[in-house]
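First comes the structure, then the notes that go with it.
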Amino acid sequence: PTHDEQMAMLRSLLADRFTLRFHREQKEFSIYALEVGKDGPKLKVSTRSVGAPSVVGPGMVYPQRIVLPARNATMNDFASLLQRAVLDRPVVDMTGLSGRYDFDLDWAPDETQFGGEIPAASPDAPSPPLFEAIQQQLGLKLEARKGPVLALVIDTVNRPSDN
């Protein structure tokens, strides 16, 4: 199953097992806004066929660097992966780019990424830090700010019954 299908199955399981009921609403949070850089995007349009799945990651972790492949990826796919796996706050796609792209992002991790689970690269690492790599390699930028996020608000939840 795709990521979206997996999440739908998980929502169904939680709703059934815990009588979980929720709704979504816009809230203001600290976010990273993914935007086009001042010199424009440096993205290669995907060569995959129409309808081919989007693949972002898994990345390859080397000492001092991470390489994240993306094939047939939208900017929303990329922002979603950064939010889920790499960064500590929501990443919102504000690029306005609607295409599908192929790229490899190569960067030196730091202690704020991956929940601190991957060792930080040394200052003399051959790859640039994440924010610089996104600018240099993709022509995009990540900017920390406050912004709207579609938040999940729990209405009811109950303890599950004994099996």
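Working only within segment 26-44, note down all residues that are open to solvent by 70 Å² or more (accessible area, probe 1.4 Å), charged (D, E, K, R) and part of a strand (DSSP E or B). Matches in segment 26-44: Lys27, Glu28, Lys44.
All of (1) touching a His at 6+ places or on another chain (Cβ under 9 Å); (2) charged (D, E, K, R); (3) buried (at least 17 other Cβ atoms within 10 Å of the Cβ) hold for Lys141 with one exception: (1). Residue count for segment 45-92, restricted to those that are over 25 Å from Pro123 (Cβ atoms), in a loop (DSSP other than H, G, I, E, B) and either small (Gly, Ala, Ser) or open to solvent by less than 50 Å² (accessible area, probe 1.4 Å) (or both): 8. Would you be able to say whether some residue in segment 130-137 is part of a loop (DSSP other than H, G, I, E, B) and either touching a His at 6+ places or on another chain (Cβ under 7 Å) or open to solvent by 70 Å² or more (accessible area, probe 1.4 Å) (or both)? Within segment 130-137, not a single residue is part of a loop (DSSP other than H, G, I, E, B) and either touching a His at 6+ places or on another chain (Cβ under 7 Å) or open to solvent by 70 Å² or more (accessible area, probe 1.4 Å) (or both). Could you tell me whether segment 108-125 includes any residue that is buried (at least 20 other Cβ atoms within 10 Å of the Cβ) and either in contact (Cβ under 8 Å) with a residue 60 or more places away in the chain or part of a strand (DSSP E or B) (or both)? Yes, segment 108-125 has at least one match. Applying a threshold of 6 Å to beta carbon distances and a minimum spacing of six or more residues, or different chains, the list of pairs starting in segment 1-19 at a residue that is in contact (Cβ under 8 Å) with a residue 40 or more places away in the chain and ending at one that is among the hydrophobic types (A, V, I, L, M, F, W, C) reads Phe18/Val157.
The values are calculated or read from the model by the stated rules, or taken from the named source; none is laboratory data. What you are looking at is a predicted structure, and each value in this text was computed from that prediction instead of being measured. Using ideal geometry, Cβ is built from the backbone for each residue, glycine included, and neighbour counts are taken over all protein chains shown. For the accessible areas, the whole protein counts, side chains as well, though only heavy atoms, and no ligand, DNA or RNA atoms are used. Shrake-Rupley method; radii C 1.70, N 1.55, O 1.52, S 1.80 Å.
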